[in-house]
Amino acid sequence: MSEESTVMLSALQHYLFCPRQCALIHVEGVWTENFLTAAGRQLHERVDRRGGETRRDVHLATALRLVSNRLGLTGVADMVEFHRHDSPTDEKGCCIAVKLSGRNGFWRPFPVEYKRGFPKAHRADEVQLCAQALCLEEMLGVTIASGALFYGETRRRSNVAFDAELRSLTEDVAAKVHELLRLGKTPPPVITKGCRGCSLFETCRPENVGGRDSTRRWIRNMLEGAGV
Ligand code: SF4
């Protein structure tokens with residue numbers, strides 16, 4: 001797949017949040033920062049300096065560039081932990097660990113993505129993490145069973161298993177994002193509660209599209225969100 005036809009890993013998360021937001025950012029090149037994106041950026045700045053260090057049996061690699069030619073994806077992993085492992089394979093003979101330059105033994109990759117806020121009801125964060133794992137699998141020739149999401153508000157990690165369902169969802173979303181970018185057409189807004197925290201709200205103006213019913217629905221959502 002050519003460089004022009006690769007899409008950013010973050011586009012998958014944007015698409016699951018709202019296809020229109022994905023098109024505004026990745027087709028029209030619009031980006032507006034609000035409180036939520038600024039908080040997320042600050043969290044990422046701590047891990048976005050490319051580097052690595054080894055603590056006992058874990059090597060930490062930050063800001064690792066990722067690519068998948070198969071899925072046409074590119075991006076940067078916040079952090080990939082490499083856990084020391086006795087052998088390159090698991091009990092089924094599946095390759096799960098690699099050699100690292102300048103270090104003895106075998107190391108099992110484990111991606112960790114940093115997010116602001118709390119764990120969410122939708123699967124956008126999990127899909128973004130799984131997409132990172134699919135890139136690493138292709139780049140390193142290994143199978144990665146799981147990774148973790150770290151949330152700024154809870155200061156906790158939650159483990160994510162890259163099972164068949166999540167892998168299939170991730171590949172499906174990647175295909176849909178490619179189709180969206182190929183068509184180059186921004187879909188109309190669909191008003192949801194997510195609009196309240198959307199960084200592109202002022203650009204999108206969803207309440208102005210779709211006539212009076214749409215405006216009523218938007219006002220109702222806003223009032224519900226404010227607990228009125
Ligand atoms: S304001 Fe709502 S419809 Fe518009 S891009 Fe954001 S989430 Fe999507």
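The values are calculated or read from the model by the stated rules, or taken from the named source; none is laboratory data. Owing to the predicted nature of the structure, the values given are computational and were not obtained by experimental measurement. Counting neighbours? That spans all protein chains shown, and the Cβs are built from the backbone with ideal geometry, glycine included.
See the values below:
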| item | result |
| --- | --- |
| Considering residues of segment 135-190 that are of a type in the set (A, V, I, L, M, F, W, C) and farther than 18 Å from LEU9 by Cβ only, the residue farthest from the ligand (Cβ to nearest atom) | VAL142 |
| Any strands (runs of 3 or more DSSP E) falling wholly within segment 61-157 and containing at least 2 residues that are of a type in the set (Phe, Trp, Tyr) | 106-115, 146-151 |
| Flag if SER68 is polar (S, T, N, Q) and either within 17 Å of GLU179 (Cβ to Cβ) or modelled with pLDDT of 95 or more (or both) | yes |
| Those helices (runs of 4 or more DSSP H) lying entirely in segment 1-54 with at least 1 residues at pLDDT 90 or above | 9-17, 19-26 |
| Test: residue in segment 121-132 that is within 11 Å of the chain's Cα centre (by Cα), among the small types (Gly, Ala, Ser) and at pLDDT below 95 | yes |
